[in-house]
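One structure is given here, and the rest of the page talks about it.
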Amino acid sequence: MAKLRHIAIAVPDIQDTARFYESSFGMERVRESDVAVMLTDGVISLAIIDSNRNVNAENRTGLHHFGFLVEDLDQAASRVEQSGGRYHGQIRNIGDGPQSERKYRDPNGIDFDIVNAEHARKVWRIPA
């Protein structure tokens, strides 16, 4: 069974937003760059991406996408596509490409990821 384990939001100030979630909910900062901060509560990964400078943000703000940890990436991809999901590529400059992470859009145009355990540990920094 797939498990919802990742949420990404796009905001204009990643540091202020990260501090808000750290102080409000005790989330832990586990990775950061000039254009993103990754927080976790130990189960869920919260990616805070710069809406203006992160190429993956596509200049939008708000809920950006969510992600599912799956046991078998190819099998999950097949089920998503058979159910009407449309392949939308991979995250740019992170991860190991289609071997560990794939982006899709659901029939409503909402973006989501499917990832394997290696990606969840390496990129989302959560146990898998």
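The values are calculated or read from the model by the stated rules, or taken from the named source; none is laboratory data. Just so it is clear, the structure is predicted and the values come from calculations on it, not from any experiment. Here Cβ is always computed from backbone atoms with ideal geometry, including for glycine, and neighbour counts include all displayed protein chains. For the accessible areas, the whole protein counts, side chains as well, though only heavy atoms, and no ligand, DNA or RNA atoms are used. Shrake-Rupley method; radii C 1.70, N 1.55, O 1.52, S 1.80 Å.
The conditions are (1) closer than 23 Å to residue 2 by Cβ; (2) outside any helix (DSSP H, G or I); (3) open to solvent by 60 Å² or more (accessible area, probe 1.4 Å), and residue 29 fails exactly one of them. Which is it?
With (1) closer than 23 Å to residue 2 by Cβ; (2) outside any helix (DSSP H, G or I); (3) open to solvent by 60 Å² or more (accessible area, probe 1.4 Å) applied to residue 29, the lone miss is (1).
Can you find even one residue in the range 72-83 that is more than 20 Å from residue 103 (Cα to Cα) and of a type in the set (A, V, I, L, M)?
no
Considering only residues that are touching a Gly at 6+ places or on another chain (Cβ under 9 Å) and within 18 Å of residue 111 (Cα to Cα), which ones fall in the range 7-46?
Within the range 7-46, 7, 8, 9, 10, 11, 45 qualify.
Taking only pairs six or more apart or across chains, which ones have beta-carbon atoms under 8 Å, a first residue in the range 15-44 that is closer than 21 Å to residue 55 by Cβ, and a second residue that is of a type in the set (Phe, Trp, Tyr) and open to solvent by less than 40 Å² (accessible area, probe 1.4 Å)?
Pairs that qualify, where the first residue is closer than 21 Å to residue 55 by Cβ and the partner is of a type in the set (Phe, Trp, Tyr) and open to solvent by less than 40 Å² (accessible area, probe 1.4 Å), are 38/124.
Picking from 100, 78, which residue would you name as being among the hydroxyl-bearing types (Ser, Thr, Tyr) and surrounded by 18 or more Cβ atoms within 10 Å (Cβ to Cβ)?
The conditions single out 100.
Per-residue answers, yes or no, for (1) closer than 23 Å to residue 100 by Cβ; (2) under 17 Å from the mean Cα position of the chain (by Cα); (3) open to solvent by 80 Å² or more (accessible area, probe 1.4 Å):
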{"residue": "8", "(1), (2), (3)": "yes, yes, no"}
{"residue": "16", "(1), (2), (3)": "no, no, yes"}
{"residue": "20", "(1), (2), (3)": "no, no, yes"}
{"residue": "48", "(1), (2), (3)": "yes, yes, no"}
{"residue": "51", "(1), (2), (3)": "no, yes, no"}
{"residue": "54", "(1), (2), (3)": "yes, yes, no"}
{"residue": "59", "(1), (2), (3)": "no, yes, yes"}
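Confirm whether residue 114 is modelled with pLDDT of 90 or more, in contact with a Ser or Thr (Cβ under 8 Å, 6 or more places away or on another chain), of a type in the set (Val, Ile, Thr) and open to solvent by less than 30 Å² (accessible area, probe 1.4 Å).
No: the conditions fail for residue 114.
Taking the range 91-106, which residues are at pLDDT 90 or above and in contact with a helix residue (DSSP H, G or I) (Cβ under 8 Å, 6 or more places away or on another chain)?
101, 102, 104
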